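The next block holds one structure in the form of structure tokens; read it before the comments.
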Amino acid sequence: MQAYVQDKPAPELKPPIAQVGVIGWVRNNLFNGWFNSTLTILTLLLLWKVVPPFFEWAFLDSVWTTTHEGCKEATGACWSIIYRNFRFIIFGFYPYEQHWRPLLAMLILIGLLFYSRDRTHWNKYLGYGWILGLAFMGVLMRGGILGLEHVESTQWGGLPLTLLLSVFGLTAAYPLGVILALGRQSKLPGLKVLCVLYIELIRGVPLISLLFMSSIIFPLFLPEGLTFNKILRAQVAIILFTGAYIAEVVRGGLQGMSRGQYEAAESMGLNYYLTMRLVILPQALKIVIPPTVSILISAFKDTSLVVIIALWDLLKTTQSVLSNPEWMGFSREAYIFIAIFYFLGCFSMSNYSRKLERELSEGER
């Protein structure tokens with residue numbers, strides 16, 4: 001019997017077309033069993049009933065640049081409420097002819113955030129850049145020097161105020177939460193009790209109560225003639241509130257570290273500060289990225305609560321436009337507009353957290 005020796009590689013067999021590509025994904029994720037297939041069909045029917053009418057209302061039958069009288073005759077969305085009141089919604093009562101200043105301040109802030117997304121840029125020069133950028137933003141908003149007209153903080157509002165409260169609040173709350181978490185894990189009884197009391201007290205009350213206390217109750221304890229800016233008081237309340245929740249998340253990360261990590265640091269002769277800075281915190285903060293970002297996103301959305309203490313953030317300026325008799329009845333368009341801003345902010349934070357997780361996990365593979 002003559003043996004057969006194959007001198008050419010066998011042709012590569014491709015998987016069935018029903019298991020790869022778009023068809024495979026649809027089959028495995030949308031029509032995998034009778035229950036998923038039923039849900040998929042019902043969802044498609046619901047989308048068919050909702051999406052085309054909404055698209056027609058939002059785009060085909062909508063009006064964009066007409067007056068409020070023209071909006072009343074339109075059958076679709078009245079985006080003219082945004083077009084006619086755009087600058088007030090974005091900048092509030094800031095002097096009209098000075099709108100370039102908060103616009104430039106927002107562009108600087110967005111530029112710093114965008115540049116800081118790359119971890120290779122995290123060095124001391126980036127810190128100096130943030131300090132200079134924030135100082136210049138303060139000069140632009142307040143004025144009084146460099147030939148800029150002085151603008152009281154009571155006239156700040158709209159999107160710049162929302163970004164100010166959220167960015168500064170989240171930036172300051174994170175290190176505060178880390179310090180509180182370390183204090184709660186401390187072996188010093190006095191420090192531990194103080195941190196526990198603070199965390200439990202702050203987490204036991206809603207943010208609205210802290211905002212009311214900072215706006216109404218706190219000034220009653222100050223000496224006569226001494227006062228603090230209302231924006232600063234609201235900012236401190238947001239920082240204290242968010243920091244308490246971050247502390248509990250970070251504490252969970254610290255408790256998740258094995259005893260061997262501490263013993264390894266002790267064997268190398270590292271003191272408490274170096275142990276936490278070089279060994280424990282880098283690992284603990286990495287594993288709590290998802291819950292931390294969840295809290296930061298919630299805090300970003302909660303900044304809209306400052307509307308109850310008469311701060312003219314983005315939500316308040318929009319509500320002010322809707323209180324105008326000329327634009328009553330067009331709240332859907334206005335709230336969709338500001339919802340887009342909040343969605344972009346939350347989505348950016350969530351997307352960056354996933355990117356950061358992937359980058360930090362590459363070394364473990």
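The values are calculated or read from the model by the stated rules, or taken from the named source; none is laboratory data. Bear in mind that the values here come from a model prediction, so they are computed numbers and not experimental data. Cβ: placed from backbone, ideal geometry, glycine included. Neighbour counts: every protein chain shown.
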Tally up the residues in the range 192-230 that are modelled with pLDDT of 90 or more and over 25 Å from Asp313 (Cβ atoms), please. 11
When only residues in the range 112-154 that are in a helix (DSSP H, G or I) and among the basic types (Lys, Arg) count, which is surrounded by the most Cβ atoms within 10 Å (Cβ to Cβ)? Arg142
For the range 351-360, name all the residues that are polar (S, T, N, Q) and surrounded by 15 or more Cβ atoms within 10 Å (Cβ to Cβ). Ser353
For the range 177-187, does any single residue satisfy the condition of being on the phi > 0 side of the Ramachandran plot and part of a helix (DSSP H, G or I)? no
Can you tell me which residue among Leu315, Leu344, Leu311 is surrounded by 15 or more Cβ atoms within 10 Å (Cβ to Cβ) and either assigned to a helix (DSSP H, G or I) or touching a strand residue (DSSP E or B) at 6+ places or on another chain (Cβ under 7 Å) (or both)? Leu315
With the condition kept exactly as written, say whether any residue in the range 4-26 is among the hydroxyl-bearing types (Ser, Thr, Tyr) and modelled with pLDDT of 80 or more. no
Selection from the range 267-308 of residues that are over 26 Å from Ile208 (Cα atoms), exposed (fewer than 14 other Cβ atoms within 10 Å of the Cβ) and either modelled with pLDDT of 90 or more or of a type in the set (Gly, Ala, Ser) (or both): Ser267, Gly269
Given (1) at pLDDT 90 or above; (2) surrounded by fewer than 19 Cβ atoms within 10 Å (Cβ to Cβ), identify the lone condition not met by Ile238. (2)
Can Arg233 be described as touching a Ser or Thr at 6+ places or on another chain (Cβ under 7 Å), basic (Lys, Arg) and either modelled with pLDDT under 90 or at negative phi (or both)? yes
